[in-house]
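J.: Let me give you the structure first, and then I'll get to my questions.
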Number of protein chains: 2
Amino acid sequence: MRRISVFGATGSIGESTFDLLMRQGGPSAYRTVALTGGRNVARLAVQARALRAEIAVTAHDECLPLLREALAGSGIEAAAGPAALIEAADRPADWIMSAIVGAAGLAPGFRALRHGTTLALANKESLVTAGPLLMAEAARHDARILPVDSEHSAIFQSLLGEDLSAVETVTITASGGAFRDWPLDRLAGATVAQASTHPNWAMGQRITIDSASMFNKALEVIETREYFGISPDQIRVLVHPESLVHALVGFRDGGMIAHMGMPDMRHAIGYALNWPDRARLPVARLDLATAGSLNFHNPDPVRYPALDLARQVMDIRGLAGAAFNAAKESALDAFVAGRIGFIAMASVVEATLTQLSAGSALGNPATSLDNVFQMDAEARRIAEGIMAERKV
Amino acid sequence: MRRISVFGATGSIGESTFDLLMRQGGPSAYRTVALTGGRNVARLAVQARALRAEIAVTAHDECLPLLREALAGSGIEAAAGPAALIEAADRPADWIMSAIVGAAGLAPGFRALRHGTTLALANKESLVTAGPLLMAEAARHDARILPVDSEHSAIFQSLLGEDLSAVETVTITASGGAFRDWPLDRLAGATVAQASTHPNWAMGQRITIDSASMFNKALEVIETREYFGISPDQIRVLVHPESLVHALVGFRDGGMIAHMGMPDMRHAIGYALNWPDRARLPVARLDLATAGSLNFHNPDPVRYPALDLARQVMDIRGLAGAAFNAAKESALDAFVAGRIGFIAMASVVEATLTQLSAGSALGNPATSLDNVFQMDAEARRIAEGIMAERKV
């Protein structure tokens, strides 16, 4: 029986993963090693009981008593904290979903690779902050990373049976987010609530705001480079308001292979779960006659400065991805907290990168996760400093 | 050096094949065995000299003297007539383009399979009239058939690395042809000149008229069933005015892989020529931001009765494809000659199938090409009779 673990089981991706696991047989089809979550320990316990997990881990020490209580009598172990997450990742499993949001998701996924697992990678930050390290670790242990972002799953699927050397371009699409059609001069006044509505995808709040700013797409561009080894100048972004075409690969013979489908993360999750098979999945089928029209335009660099920042980050590489992501997380925290405005987020990230570029460390390749975490901490400190000084 | 032959070298597909062969090194890259053509023997001779062919064959006996003259001093053999075409197909080659238009293209391609060749199949009628025979012959001799129609090449490319058992739907697109936006009541009065203009593709006159009537798409639906073994109820047709998405394959996990590109037959030809590699081809790249919008709608069965006829043909199978194609060719001849109107073509084909259905032979599987040719002749005779009686 296939051994599986889910990191970030109670988030949006984690819940969809749980849904698919249960539909595909639950505990009679999978031996669940570990499930991890955040503060929603009641839900984590429900999942752990349903899948008969060996262990359930909450990221927060103070949640451990509640988790223990919720698991009472089940025989399921309970644990808490970062070290417990790593310990859970160290328990061998054949398939592991890495769906913890943010930089916190990096370490458990990295550790799991040591066991030659198949890592379904939904955590965007892993490849952005530590792409070369992660890919090398996977290669070293004959582990496999499968992308779970819909765009990267789409690229992966479009490349099946193809030779990477024949690839000319890789295009990922972006809905354009909540403010796609807003007048530019209104963006500065956009509220958190306004930024938290996505035209097509049902996702968590942070990633929805990152869609509105296109920081999410910026991360995905960097991921595309790191995962597929595609040169930055071959990677394009197209605004596609319908979110039905997820990615397109252009080849040197003029042919283009595209991946389409309704915007439902369960497709990409189910694809990674069942790969190399395509299992029947409970997602709506795309009917193009009903859709009627698919529209595309180039992203406006003024509306979406995050995309140019991603280009800078790819040029520098090294620890720039870690700095970029950390500064973005700080700025996003500040926006959500009402401390800065929507368009200030990109300014904060840009200023952080500029300040770090003055030093020498930004372009250095990471040799360990510690390098990444140090840069992450430094970038957050700088970003906070910038925000404090500006008093935005 | 790779041995190649081109059947139908001076037609639209043949000229594009010649263009690619010359760009990819011409006689220094390929050893050309045979080139065949119709009445344009001057052009055939130019191609044969450029590629240093062993033999050039015209389909028409009366054209032989002119062909001989045009090849004088070149050392290239000249021959004419159906038997000479078969003899040319019997000369072993590694890659053969089958691009003779109409039922006449069937026999040479079929014969070439005997030598275990790779047959690049642009002749639509081969699979429509004799699909099971052709596929069995290819399997028997370990020959390979590669589709050259843009739609089937698109399906083929979309299926790379995929398991056919996971396929839920195959959709081919249609531009809708010259009369896509005409009021229905004007179709009866459509002229040959009006039917001979295609919105997107530069092709021969007959196939352009077949696009306006969607008989071309009807043939392609049948080809899709025969070549890929896809069940008829899984095959869809979508009107897509821009002709940029050529085919889409839907899988049971809700994912859809599509093939896109500018409408340029050199892509499909070049793909078949270089398969399994993708060579750099001189075709324009598709820029979706420039295209702006891709539109789709279901075909109107009243405007395009040929599509329902294709469903009937697939239900009957056996020799129905041969009868369908022959009746269609007769009706098309009559339309081009001004003997019947545009919408009468479908009526003639339908009446021919109805009359043949009353006998018992239509559903019989072909056991040899002779069965196919006999049904072809019978269907033409019946179609002519119907047209004579109606005096349309």
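The values are calculated or read from the model by the stated rules, or taken from the named source; none is laboratory data. Just so it is clear, the structure is predicted and the values come from calculations on it, not from any experiment. Methodologically, a virtual Cβ is constructed for each residue, glycine included, from the backbone with ideal geometry; neighbour enumeration extends over all protein chains shown. Ligands, DNA and RNA are excluded from the accessible area calculation, which covers all protein heavy atoms including side chains. Shrake-Rupley method; radii C 1.70, N 1.55, O 1.52, S 1.80 Å.
J.: With a ≥ b ≥ c the root eigenvalues of the C-alpha gyration tensor of chain A, is it rounded (a/c under 1.5), prolate (a/b larger than b/c) or oblate?
T.: Here chain A falls in the rounded category.
J.: Continuing with the same structure: In chain A, which whole DSSP H runs stretch at least 18 Å along their own axis (Cα) and average -0.5 or higher on the Kyte-Doolittle scale?
T.: Qualifying helices, which must be both long enough and hydrophobic enough, are A:124-140, A:215-228, A:320-336, A:344-358, A:369-390.
J.: Give the distance, in whole Å, between the Cα centre of segment A:334-392 and the Cα centre of segment A:209-240.
T.: Result: 20 Å between the Cα centres.
J.: Taking each residue of A:242-248 in turn, how many C-beta atoms of other protein chains fall within 10 Å of its C-beta, and what is the average? The partial results should precede the final answer.
T.: Working: counts 1, 0, 2, 6, 2, 0, 4.
The per-residue average across the peptide is 2.
J.: List the residues of segment B:269-295 for which accessible area in the full set of protein chains is at least 40 Å² lower than for the chain on its own; 1.4 Å probe, protein heavy atoms only.
T.: Relative to the lone chain, where solvent access is computed with a 1.4 Å probe, segment B:269-295 loses at least 40 Å² at B:R278, B:R280, B:R285, B:L288, B:A289, B:G292, B:L294.
J.: Find the sum over both chains of the accessible area lost when A and B are paired, probe 1.4 Å, and report it in Å² to the nearest 100.
T.: When A and B are taken together, about 3400 Å² of accessible area is lost.
J.: Pairs of lysine in the protein assembly as shown with Cα under 22 Å and at least 8 positions apart or on different chains: total?
T.: 8
J.: Give me D for segment B:317-390 in µm² s⁻¹, whole number, from Stokes-Einstein with Rh from the Kirkwood sum over alpha-carbon pairs, 25 °C and 0.890 mPa s. The partial results should precede the final answer.
T.: Numbers: Rh = 12.0 Å.
My calculation gives 204 µm²/s for D.
J.: Moving on. Express the relative contact order of segment B:2-147 as a whole percentage, based on alpha carbon pairs under 8 Å and six or more residues apart in sequence.
T.: Once normalised by length, the contact order is 21 percent.
J.: May I pose another question? Please compute the per residue accessible area over chain B with all protein chains in place, 1.4 Å probe, rounded to a whole number of Å².
T.: Using a 1.4 Å probe on heavy atoms only, each residue of chain B averages 36 Å².
J.: Turning to a different aspect of this structure: Report the closest approach of any chain A C-beta to the axis of the A-to-B rotation: residue and distance, in whole angstrom.
T.: That would be A:G161, 1.
J.: Placing a label point 7 Å from Cα toward Cβ, how far apart in nm is B:L164 from its equivalents in the other copies, listed shortest first to one decimal?
T.: Spacings between copies for this position, smallest first, are 3.1 nm.
J.: Every other copy gets compared here: list the nm distances from the A:E77 label point (7 Å along Cα to Cβ) to its counterparts, shortest first, one decimal.
T.: Spacings between copies for this position, smallest first, are 7.9 nm.
J.: Net charge around B:T32, counting only other residues with Cβ within less than 13 Å of its Cβ (Lys, Arg = +1; Asp, Glu = -1)?
T.: Every neighbour counted, the sum reads +3.
J.: Restricting the calculation to Cα positions, tell me the Rg (one decimal) and the Dmax (whole number) of the protein assembly as shown in Å.
T.: Rg, Dmax (Cα atoms, Å): 30.6, 98.
J.: In addition: Which translational diffusion coefficient, to the nearest whole µm²/s, is obtained for segment A:159-262 from the Stokes-Einstein equation, given a Kirkwood hydrodynamic radius over C-alpha pairs, 25 °C and 0.890 mPa s?
T.: Reported coefficient: 165 µm²/s.
J.: I would also like to ask the following. What is the percent of Cα-Cα separations in segment A:51-137 that go past 17 Å?
T.: Here the long-distance tail beyond 17 Å is 50 percent of all Cα pairs in segment A:51-137.
J.: Summing -39500 (n - 2.57) over the DSSP H runs of n ≥ 4 in chain A and dividing by its residue number, what mean residue ellipticity at 222 nm do you reach, to the nearest 500 deg cm²/dmol?
T.: For chain A, the value works out to -14000 deg cm²/dmol.
J.: How many nanometers, to one decimal and shortest first, lie between the label point of B:Q205 and those of its other copies, if labels sit 7 Å from Cα toward Cβ?
T.: Label-point distances to the other copies, shortest first: 7.0 nm.
J.: Moving on. For segment A:10-165, what number results from the quotient of the Cα radius of gyration and 2.2 N^0.38 Å?
T.: This ratio for segment A:10-165 stands at 1.05.
J.: I would also like to ask the following. State the percentage of accessible surface on chain A attributable to carbon and sulfur atoms; use a 1.4 Å probe and exclude ligands, DNA and RNA.
T.: 52
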